[in-house]
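The values are calculated or read from the model by the stated rules, or taken from the named source; none is laboratory data. The structure displayed is predicted, hence computed values, not measured ones. Here the Cβ positions follow ideal geometry from the backbone for every residue, glycine too, while neighbour counts run over all protein chains shown. We work out accessible area using only protein heavy atoms, side chains counted, and drop any ligands, DNA or RNA first. Shrake-Rupley method; radii C 1.70, N 1.55, O 1.52, S 1.80 Å.
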Amino acid sequence: MTITIDLNGNSHEIPSDVGNVQQLLENLNLADRILIVELNKEIVPKDAYDTPIKDRDQIEIIHFVGGG
Amino acid sequence: MLKIADKTFSSRLLLGTGKYPSFETQKEAVRVSESEILTFAVRRMNIFEPSQPNFLEQLDLSKYTLLPNTAGAKTAEEAVRIAKLAKASGLCDMVKVEIIGCDHSLLPDPVETLRATEMLLEEGFIVLPYTSDDVVLARRLCEMGVHAIMPGASPIGSGRGILNPLNLSFIIEQSNVPVIIDAGIGSPKDAAYAMELGADAVLLNTAVSEAKDPVKMAIAMKLAIEAGRLGYEAGRMPERDYAVASSPMEGLLPN
């Protein structure tokens, strides 16, 4: 079973046992990276990574890149 | 010492982190520059190639203050969104407001910059707006309570140096917060000149990252900024129209 989310502008299927933000980051091998998560245009604070993820959610994973 | 809000810094060089030829060169350039404040941009992660190296993740973050910019924003609302994302990283509470109003010159949009600054100050950010060299705009931003003001020397990445020293001196003279000359610095002489005008600091990126030898240029910029600052503090001699001999006129040898 999978659910489909909009991940950084791409349609992306994840196993349905990926139930929250923390599990999504682990599923993507991003759990130890410096990043910020937006769920349906709202920032998910680091202490709220247990926020559930549902089918059709829109998720942005954002980070810092070189810039002036 | 450079003081921005409640933070103090020994270095008066703020370094951008874009466009370096390699991470190794960049790391070394950052190290030798002795910069303590590094700017970054906030972008969508390329999730599907997560193994790509990330410069920030290779830094000892206890040594640096991060200054995220809002580059990419064209409106105050977009800038505020980017600033909030950056703050949510838990790594920084300062933001460089950068709202481009012209794709060709990359000059900042003064109206959106003012709006974003007001909104971000309200939200409790330490706000450093990047502006043009407009003296009145700089004054209005200072009156709003910004923590530093960052007027550009010339367009971003142009390397044309200081185009309007008179405006920059007016901005420096009237400002009650640090003035950081940002954008357009091309060579060490520009950086020294900015400091001699009385700027509190210089923010540059391309002048180092696009130099033939970025590491050597990072050292050159550090020294230029130190020299310019010392020169400013020392107080330069007056300029005159005509020559004044340095050697005494008394005791000239007879023919």
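With R₀ set to 22 Å, the beta-carbon distance separating A:Ser11 from A:Lys41 gives a calculated FRET efficiency near 0.80.
Structure note, pairs A:Lys41/B:Lys96; A:Lys46/B:Lys222; A:Lys46/B:Lys96: Cα-Cα distances above 27 angstrom occur for A:Lys46/B:Lys222.
Report, in deg cm²/dmol and to the nearest 500, the calculated mean residue ellipticity at 222 nm for chain B, where each DSSP H run with n ≥ 4 adds -39500 (n - 2.57) and the sum is divided by the residue count. Could the numbers behind the result be given before it?
Working: 8 runs with 91 residues, N = 255.
Counting only the DSSP helices, I get -11000 deg cm²/dmol.
A cut-off of 5 Å between modelled amide H atoms, ignoring neighbours fewer than 5 places along the same chain, links B:Asp182 with B:Gly152, B:Ala153, B:Leu203. Which shape class, rounded, prolate or oblate, goes with segment A:2-63 when its Cα gyration tensor gives a ≥ b ≥ c as root eigenvalues, a/c under 1.5 marks rounded, and past that a/b bigger than b/c marks prolate? Since a/c stays below 1.5, the shape of segment A:2-63 is classed as rounded. Helix B:214-234 and the longest principal axis of the C-alpha atoms of chain B enclose an angle of approximately 60°.
Taking 20 Å as the straight-line reach from the Cα of B:Lys27, the aspartates and glutamates in range (excluding those fewer than 8 positions away in the same chain) are B:Glu36, B:Glu57, B:Asp60, B:Glu210, B:Asp213. For B:Ile100, the amide hydrogen comes within under 5 Å of the amide hydrogens of B:Gly72, B:Ala73, B:Asp109, counting only partners 5 or more places away or on other chains and with H modelled in the peptide plane.
Could you list the residues of segment B:1-39 with an amide nitrogen less than 19 Å from a label point located 7 Å from the Cα of B:Lys212 in the Cα-to-C-beta direction? Zone members listed by number: B:20-22, B:25-26, B:29.
Counting only alpha carbon atoms, the long axis of helix B:23-33 and the longest principal axis of chain B meet at about 40°. Close amide H pairs (under 5 Å, H built 1.01 Å from N) link B:Leu67 with B:Leu38, B:Thr39, B:Phe40, residues at least 5 positions away or on another chain. Relative to the longest principal axis of the C-alpha atoms of chain B, give the angle of the C-alpha long axis of helix B:165-174, reported between 0 and 90° and rounded to the nearest 10°. Helix B:165-174 sits at roughly 70 degrees to that axis. The distance separating the Cα centre of segment A:1-16 from that of segment B:121-170 comes to 43 Å.
Work out, step by step, the length gained on full extension between B:Glu78 and B:Ala243: first 0.36 nm times the residue separation, then minus their alpha carbon distance; give nm to one decimal.
Working: separation 165, 0.36 × 165 = 59.40 nm, distance 5.62 nm.
Result for the pair: 53.8 nm of gain on full extension.
Would any residue of segment B:138-156 have its amide N under 16 Å from a label point 7 Å out along Cα→Cβ of B:Leu121? List them or say none. Residues passing the 16 Å test: B:138-151.
Of B:Gln174, B:Gln26, B:Gln58, which is the most mobile in a GNM of chain B whose springs link Cα atoms less than 10 angstrom apart? Answer for the Gaussian network model of chain B: B:Gln58. The label point for B:Lys27 and the one for A:Thr4, both projected 7 Å from the Cα toward the Cβ, are 4.3 nm apart.
Here segment B:21-81 has 48 percent of its accessible surface on carbon and sulfur atoms, given a 1.4 Å probe and all protein chains in place. Each residue of segment A:43-52 was assigned a 3J(HN,Hα) from its phi angle through the Karplus expression (A = 6.51, B = -1.76, C = 1.60, θ = phi - 60°), giving 5, 9, x, 4, 7, 10, 6, 8, 4, x Hz with x at Gly and Pro. What the Cβ-Cβ distance of B:Ile219 and B:Leu61 gives, at R0 = 30 Å and to the nearest 0.05, is a FRET efficiency of 0.80.
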